[in-house]
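One structure below.
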Amino acid sequence: EPVDVAQVLQLRERGFAVLDAAHLRQGERGAAPEAESAAVLAALEQTIYNLRAEGWPPSFIFLYDELWLHVIDPLFDVFEELLDDGCFMEPDLNCWCLRAPASGNDAGH
């Protein structure tokens, strides 16, 4: 899907652009891109929760091929279109899994 002018302007004016689910790669099952993207993102989210539950840091999500195939790799195509051929994008990635405090008394700690 082509990148629209609003995303180019966001990137130039703000230094970042927000992409919607339509920019995630459609899989081979033939599902609608939005439905498949939602399923992929839901599975990745659940995997992050599972990692946390087992005591692993959420950044271990980057070890899963699904994240690279369906989320990270398609971004290179999008940004190459935004920045022209030959652009270099070095991913500086992290993953957080935040939790709300157990009570209101924990605020600020």
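None of the figures in this text is laboratory data; all of them are computed from the coordinates on show. Worth saying up front: this structure is predicted, and the values here are computed from it rather than measured.
When the chain is fully extended, how far beyond the present Cα-Cα distance does S59 get from L44, taking 0.36 nm per residue of separation?
Using 0.36 nm per residue and subtracting the Cα-Cα distance, I get 4.2 nm.
Between C97 and residues 5 or more places away or on another chain, which pairs have amide H atoms under 5 Å apart, with H built 1.01 Å from N, and which residues are they?
Sorted by chain and number, the residues that satisfy this come to none at all.
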